[in-house]
Every structure is written in structure tokens, then in C-alpha cells.
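A.B. asks: After the C-alpha cells below, expect a handful of questions from me.
The values are calculated or read from the model by the stated rules, or taken from the named source; none is laboratory data. Keep in mind the model is a prediction, meaning the values are calculated, not measured. Here the Cβ positions follow ideal geometry from the backbone for every residue, glycine too, while neighbour counts run over all protein chains shown.
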Amino acid sequence: MRPRSEAAPPYPDTFYSRTLSDTRARPALVGRVAVDVAVVGGGFAGLFAALDLARGGMRVAVIESQAVGWGASGRNGGFVSDGFACGPAAIRRHVGRDHADALQALSAEGVAIMRHEIATLDIPGADPVAGILRLRRHDRADDLRAASTPDTPYLDQPAIRRHLETVRYRHGIAEPAAFHIHPLNTLRGLAAEVERLGGLIVEQSPVIGADLTAARKTLTTPQGRVEAPRVVFATGGYTGPLIPRLRRAILPIATYVMVSETAPDLLAQAIRTRMAVGDDRRAGDYYRLVQGGARLLWGGRITTRAARPAGIARELRAEMLGVYPQLAALRTDLVWSGLMAYARHRMPQIGLLQPDVWHVTGFGGHGLNTTAIGGRVVAEAILGTSDRIALFAPFGLDWAGGGAGLAAAQATYWALQVQDWWRERQAA
Ligand SMILES: Cc1cc2nc3c(=O)[nH]c(=O)nc-3n(C[C@H](O)[C@H](O)[C@H](O)COP(=O)(O)OP(=O)(O)OC[C@H]3O[C@@H](n4cnc5c(N)ncnc54)[C@H](O)[C@@H]3O)c2cc1C
């Protein structure tokens, strides 16, 4: 892990920004540019859309207020698995079984897109590692046994303990087809490919004005403007007041990650697998070894107001020591937070704001597969090659509830933490 460099793009100080495989900063937009499609936001959603549009022959510009991957896309846990932030039962209740199955297939296609791009573009430093273990602390497992398949086998405690030196987990499922990545390097690899295909990416260029009334729409940045007949908004949890309808439709929710010092021998006393681990509690944590097993990256907690990372790091550390007391001597090197965009229905919001203006946002805490397919279906709609975007139509831009919505989200999270504690206490 390199020390923080002044010349690098203006990323927050994270494990990912300290292990960039390329440190090139892109210029800000100066003057006027005309393209076929303007994409606002250089996270995974914006870049996946831009990539498919460029492959489809469109001239595309991605306008990013900070640096590509500066938002949630460059700071997350790196877990890539199928599904959505909203659970399958709630999706089925909302749209029925067939429609829910079609959405689930799209979410799995999102995993395949991420895997395919990393492999075919040979993205430097993407570091994909196969396998996620979904583990459970309390003592009910009939649903896990019923859901297990030859591809996703059920794990009992002895099977789990072959990988992890802890008695905390009683049951689990292995997902060998899921994987984990270095998200920032991956995203920078996608950005490089967009540019190779002729796309323009500008950084340090917040869109501060948007005239979407004319056929030729205009987006204004501090030093320039982009004109395009079509616009895609992909601004995630960092969506500002520019488009009030979009801002009101999401709740920006903060979540946290910490990374340990380099301590491969100590970590090997606790974790003997390179698979990532997700704790399936309602308010669960997740973790994985990074840098070839030298460091532990541990994420969890949500807050609806920016909390002091040092306080959160103490909570995450207490959680970690509850699972692995043998890591008491492990020091934390860095802790950071990022904002996720949650819709009230917890599904992505992918569709038309008005003719020729699309939005692709609301991926919550499950964005690494869903941004890939979200970007793809928007690109297909613009290129006219499919109307798969219609599958997301039932999940619109409902008002997310503003301050009351945030308070309700925080209260729900705390209630889930209490439920987890109660269930584990009963099982103990
Ligand atoms: C700490 C953390 C851990 C997570 N872990 C996982 C995980 O392990 N697996 C998983 O699947 N998901 C995870 N997620 C969720 C996932 O990271 C997000 O769902 C996903 O990255 C969202 O991508 P996005 O492109 O929609 O938004 P972002 O990546 O946030 O990108 C939005 C971009 O828009 C830019 N922007 C905003 N307004 C403007 C403007 N006016 N002009 C120009 N640019 C603008 C921002 O600067 C930002 O770069 C996690 C999220 C966080 C925060």
C-alpha cells in the first residue's frame, strides 16, 4: 500500500486509492463539446452505460464531478454476487413470480458482465478472487438446506471451521460462482476502455446546470458545457439538487469499511480462505483478505448521518473481535465511508425521466452486479436493441421520504441490530 500521493486523482484515502494500478488524473471539461449521449456520473452505473453505448457506435461523454470511481463504486466491499438490495421475497410480492424471475436473471447477467469485462479487458489490479461464504450465527438452517444446490452447497459448522477459526458461525452456504474484486482498479479499467473506443471522460467537472427542454440538451460545468440529444443521470448516493425529482427519490445512506495493517501470519490464525465472508444477519458485516492474504478488509454498519469514522472503526473492531478474539493485536490502518443510494422500494431506479433523459441509480448496497446490468439495459434502450429496461418500470422514482425517510431507515437498522442480538442470545 503506497503512501497517499498529491499527484494522484482526488480520491478519499482508502485501501483502494492507495493501491491504484494507474494514477492518471483526467482533465476537467473546458469549452463546448457535442456528443450523442452525455452521461453524468463516473461510477460503475455511468461507465457500464457509456461502455455499451460506445460499443454501439455512439459518441459518448462521461462527466464526473471528482474522479472516476470517487463515489461508492471506488470505495465498496468488492463483493460481486447475484440479486438486488431488495430481497427476492419482496420483489416477488411486488411484481409476481415470473417478473421476479426475469429480474433475478438480469442480476445474474450483471455478475457475468463484471466477470467478462475483467477477463477480456485483462484489467490491471482488478484482482478477482472466486467465492463468497454466506454464514449464519443463529441455529435455524432449514431454509439454507432447502436453498442449497450442488453449485451452492450447505455448510455445517465443521465445514465452516475448515476455512475460518471461529465458533461464531453455525451454518452457511458457499457461493463459488460469486467473487470479489478491487473495485477502483476495475472501474478505472472500464474507463480506459471507454476512452479507447473514442469516448470522452472528464473529471473535476460537476454538472451545475442542466437545460433539458430543447432537443439538443445542455449540461453546464464550471468551465464548459456538453450538448447532446440524450442524457443519462448516474449520480448514485451523491445525487445533488440539480434534478429535484431524482434527488427526492433516493435516500443517501452511509456505510463503512476498514482495512487492517499488514499481518499475514496473524490473519492466518483466523482466516484460512481467500473466499469473502458475508454474515447473513439482518444488520450483518462482511470481510475478506486482500493483498494476497496480507490484510483484512472489514465492512459494515450504516448511518443516515455522517458519523465519525473513528467511532465506527471501534464498533467494527469490536464486531471483528467478537468473531476472532485471536486478532486482538491486529491494528487498523484506514477506515472510510461512502454513500449508497436507496430508493424506498430498495430496487434500482432505471428508466426515463422524460423523453431522451434516463436515470440509472438506486443500487443500494448491492451495486456491483446491478450497475453492470443497469448500464446495459439503459444502453440497449438508447441504441434501440431491446426494451429490457421495462422490467424495472414497476420500481419508479417514488418520493423516498426526505428527513423522515432517513430517520425511518436508521430506526429500522437499529431494530434489525436488536433482532440479531436477540436471536443470537437465544441460540447461545
Ligand atoms: C462502503 C460501501 C461498501 C459497499 N459494498 C458493496 C459490495 O461489496 N458489493 C456490492 O455489490 N455493492 C456494494 N456497495 C454498493 C455499491 O458500491 C454501489 O451500489 C454502486 O457502486 C453504485 O454505483 P453508482 O455508479 O450508481 O454510484 P457512485 O459510484 O456513487 O457514482 C456516482 C458518481 O456520480 C458523481 N456525481 C454526482 N453528482 C454529479 C454531478 N452533478 N456532476 C458530475 N458528477 C456527479 C459522483 O462524484 C460519483 O462519482 C457498497 C457501497 C459502499 C458505500
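A.B. asks: Within the stretch 338-364, can you find the residues that are surrounded by fewer than 20 Cβ atoms within 10 Å (Cβ to Cβ) and within 8 Å of the ligand (Cβ to nearest atom)?
C.D. replies: L339
A.B. asks: Tell me the strands (runs of 3 or more DSSP E) entirely within the stretch 169-211 that contain at least 2 residues that are farther than 29 Å from D82 by Cβ, out of contact with any Pro (no Cβ under 9 Å at 6 or more places or on another chain) and modelled with pLDDT of 95 or more. Write out each step before concluding.
C.D. replies: Values: elements: 171-180, 200-202, 209-211.
Strands (runs of 3 or more DSSP E) meeting the threshold: 209-211.
A.B. asks: Taking the stretch 247-263 as the search range and keeping residues that are surrounded by fewer than 21 Cβ atoms within 10 Å (Cβ to Cβ) and more than 30 Å from L321 (Cα to Cα), which one is farthest from the ligand (Cβ to nearest atom)?
C.D. replies: Looking at residues that are surrounded by fewer than 21 Cβ atoms within 10 Å (Cβ to Cβ) and more than 30 Å from L321 (Cα to Cα), I get R248.
A.B. asks: Can I ask one more? Can you pull out the residues in the stretch 27-47 that are touching a helix residue (DSSP H, G or I) at 6+ places or on another chain (Cβ under 9 Å), β-branched (V, I, T) and more than 14 Å from the ligand (Cβ to nearest atom)?
C.D. replies: We begin by selecting, within the stretch 27-47, every residue touching a helix residue (DSSP H, G or I) at 6+ places or on another chain (Cβ under 9 Å); these are 36-37, 39-47.
Subset that is β-branched (V, I, T): 37, 39-40.
V37 - this is the single residue of the stretch 27-47 that is touching a helix residue (DSSP H, G or I) at 6+ places or on another chain (Cβ under 9 Å), β-branched (V, I, T) and more than 14 Å from the ligand (Cβ to nearest atom).
A.B. asks: Report whether or not T220 is over 30 Å from L121 (Cα atoms) and surrounded by fewer than 23 Cβ atoms within 10 Å (Cβ to Cβ).
C.D. replies: Yes; evaluated as a whole, the condition is true for this residue.
A.B. asks: Please state which one of T152, T186 is within 25 Å of the chain's Cα centre (by Cα), within 22 Å of A119 (Cα to Cα) and among the polar types (S, T, N, Q).
C.D. replies: The conditions single out T186.
A.B. asks: Let me ask you something else. Count, please, the residues in the stretch 78-114 that happen to be outside any loop (DSSP other than H, G, I, E, B) and without any contact (Cβ under 8 Å) to a residue 12 or more places away in the chain. If you could, list the steps in order and put the result at the bottom.
C.D. replies: Residues of the stretch 78-114 that are outside any loop (DSSP other than H, G, I, E, B), as a first pass: 79-80, 88-95, 97-114.
From what's left, without any contact (Cβ under 8 Å) to a residue 12 or more places away in the chain: 89, 92-93, 97-98, 101, 105, 112.
Residues flagged as outside any loop (DSSP other than H, G, I, E, B) and without any contact (Cβ under 8 Å) to a residue 12 or more places away in the chain within the stretch 78-114 amount to 8.
A.B. asks: Another question, if that's okay. If a residue must be buried (at least 24 other Cβ atoms within 10 Å of the Cβ), more than 6 Å from the ligand (Cβ to nearest atom) and in a loop (DSSP other than H, G, I, E, B), how many such residues does the stretch 48-77 contain?
C.D. replies: 2
A.B. asks: When D265 is evaluated against the numbered criteria (1) touching a residue at least 24 places away in the same chain (Cβ under 8 Å); (2) assigned by TED's automatic domain parsing to the domain that holds R308; (3) not aromatic (F, W, Y), which criterion, by number, is the only one it fails?
C.D. replies: All conditions are met except number (1).
A.B. asks: Right, something else. If only one of P229, P241, P222 is near the ligand (Cβ under 10 Å from one of its atoms) and either in the same structural domain as G46 (by TED's automatic domain parsing) or in contact (Cβ under 8 Å) with a residue 40 or more places away in the chain (or both), which one is it?
C.D. replies: The conditions single out P241.
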